[in-house]
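S.K.: One structure coming up, written as C-alpha cells, with questions to follow.
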Amino acid sequence: MSPQEHGQELQAQENQETKRLLLQMMARMDTLTQEVMQLKEEKEELLKVGGAQTPSTQPLGEAGEKEARVAGIASDPPAPKSGPTSHPTKTGPTKNLGPLAEFSGNREELEPWIAQAQAKLVVDYTSCTKATKFFMLHNRLRGEAARQLQPWVQASTNTTSMTAQCLLDQLRLSFGDPHVQEKAQRKLHKLRQTNKPFMEYFTEFRKLVLEAGGTNWPDEILKAYLEAGLSQELQRSMIGLGNTSQSFEDYCTELKRVSDQLEAFNLRNTGKKPQ
C-alpha cells in the first residue's frame, strides 16, 4: 500500500469515527430532550393536583442537572414524583393562657367559667381536633357537674354532638338560670350609683346588660338606663355636656372624664368622694 493510499485509509477511518461520535452525541441529546419533556409533564401534572410547590434548596439531582445542561440555565428542582398531597395537620395545644379552672356545678360561676373556657379554646386549642377540645372541657368538670353530664358525655362520644359547644350548651341546660335575662332587667331598673365610684357602678351596669341580652340594644336605651342610676352630683355635672347624637361609648367616656374630675376635686377640697 502506497503512502497516499495509507493516508486515504486513515482519513476514512477518522471520518467514520467522527461520524460515529456525532451520532452518539445526537442520540444522547435526543435522550436528554425526552427526559426534560417527561420532567416538565410530571411537574405540570403535580402542580395541577397539589398546587404550586415552593422551590427547594436541595441539589438539583441528576435529572435536574440534565435539564439545566440542555436549557443552558439553572433549572428549578423537579417536584416530588410520588406521595400524596400534604395537608395541614392538627397540632397540640399551646400554653398562652393559664390552666382552665375546674367547674363543680355552682350556678353563679357558670357564665364566668364558660367565658374562660371559650377564651382557652380560641387561644390555646384553635388547632386541635374537635375531640381534643371536647374532652379538655369534660376533664375540667368536677362534683355535681361531672356527675350530671356523664351520661350525656357517654352517649355523645363519637357522634356529631361531641363538640365543645354542645358540651357548653348542656352545662347551661343543667346549671344555667332560665330566668337570668328577666332578673337582670329587673336589676337594671333598680341599679343606682349612690356613693360608689363611677367605674364600680359602670362595671355592674355592663354585667347586667350582658346578662339581660342587651348587647344590641340601641344607644338611646343604654344611655337612658345608665343615666337613670347616676348619682345626683354626676348628673348635675353632665348638664350641657352630652347630646342626643352622642354614641353610647362616647357618652361613657365623657362620664368617666367628668367623674374623675369630680373625685379629684372632692378629695382635694373636702377629702370625700362624690356622692
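The values are calculated or read from the model by the stated rules, or taken from the named source; none is laboratory data. Just so we're clear, the structure is a prediction, and the values are computed from it rather than from any experiment. Virtual Cβ from ideal backbone geometry, glycine too; neighbours counted across all protein chains shown.
S.K.: Working only within the stretch 234-250, note down all residues that are surrounded by 15 or more Cβ atoms within 10 Å (Cβ to Cβ) and under 18 Å from residue 192 (Cβ atoms).
M.R.: Once the filter is applied, which keeps residues that are surrounded by 15 or more Cβ atoms within 10 Å (Cβ to Cβ) and under 18 Å from residue 192 (Cβ atoms), the stretch 234-250 yields 234, 237, 238.
S.K.: Further question: Which one of the conditions (1) within 30 Å of residue 226 (Cα to Cα); (2) in contact with a Leu (Cβ under 9 Å, 6 or more places away or on another chain); (3) not hydroxyl-bearing (Ser, Thr, Tyr) does residue 167 fail to meet, given that it meets all the rest?
M.R.: Here residue 167 meets the rest and fails (1).
S.K.: Taking the condition modelled with pLDDT of 95 or more, surrounded by 14 or more Cβ atoms within 10 Å (Cβ to Cβ) and not β-branched (Val, Ile, Thr), does residue 192 pass?
M.R.: Working: modelled with pLDDT of 95 or more: yes; surrounded by 14 or more Cβ atoms within 10 Å (Cβ to Cβ): no; not β-branched (Val, Ile, Thr): yes.
In short, no.
S.K.: Looking only at residues in the stretch 195-232 that are hydroxyl-bearing (Ser, Thr, Tyr) and over 17 Å from residue 260 (Cβ atoms), which one is surrounded by the most Cβ atoms within 10 Å (Cβ to Cβ)? Let's see the steps before the verdict.
M.R.: Step one: list which residues in the stretch 195-232 are hydroxyl-bearing (Ser, Thr, Tyr), which gives 201, 203, 215, 225, 231.
From what's left, over 17 Å from residue 260 (Cβ atoms): 215, 225.
Details: 215: 9, 225: 19.
Among residues in the stretch 195-232 that are hydroxyl-bearing (Ser, Thr, Tyr) and over 17 Å from residue 260 (Cβ atoms), the one surrounded by the most Cβ atoms within 10 Å (Cβ to Cβ) is 225.
S.K.: May I pose another question? Among the residues of the stretch 209-252, how many are under 31 Å from the mean Cα position of the chain (by Cα), at pLDDT 90 or above and hydroxyl-bearing (Ser, Thr, Tyr)?
M.R.: The total comes to 1.
Residues checked against (1) within 20 Å of the chain's Cα centre (by Cα); (2) surrounded by 16 or more Cβ atoms within 10 Å (Cβ to Cβ):
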position	(1), (2)
114	yes, yes
134	yes, yes
138	no, yes
145	no, yes
162	no, yes
179	no, no
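S.K.: Return the pair list, or none, for Cβ contacts closer than 9 Å from residues in the stretch 127-148 that are more than 12 Å from residue 101 (Cα to Cα) to residues that are among the acidic types (Asp, Glu) and surrounded by fewer than 15 Cβ atoms within 10 Å (Cβ to Cβ), at least 6 apart or on different chains.
M.R.: 143/102; 145/102
S.K.: Looking for whichever is outside the structural domain of residue 117 (by TED's automatic domain parsing), under 30 Å from residue 121 (Cβ atoms) and free of Cβ contacts under 8 Å to residues at least 60 places away in the same chain here; the options are 265, 205. Which one fits? Even if it seems obvious, please write down each step before you answer.
M.R.: Working: 265 fails: under 30 Å from residue 121 (Cβ atoms).
Step by step, each of 265, 205 is checked, and only 205 is outside the structural domain of residue 117 (by TED's automatic domain parsing), under 30 Å from residue 121 (Cβ atoms) and free of Cβ contacts under 8 Å to residues at least 60 places away in the same chain.
S.K.: While we're on this one: Let me spell it out: the conditions are (1) under 29 Å from the mean Cα position of the chain (by Cα); (2) touching a residue at least 24 places away in the same chain (Cβ under 8 Å); (3) surrounded by fewer than 16 Cβ atoms within 10 Å (Cβ to Cβ), and residue 167 meets all of them except one. Which number is the exception?
M.R.: Of the numbered conditions (1) under 29 Å from the mean Cα position of the chain (by Cα); (2) touching a residue at least 24 places away in the same chain (Cβ under 8 Å); (3) surrounded by fewer than 16 Cβ atoms within 10 Å (Cβ to Cβ), the odd one out for residue 167 is (3).
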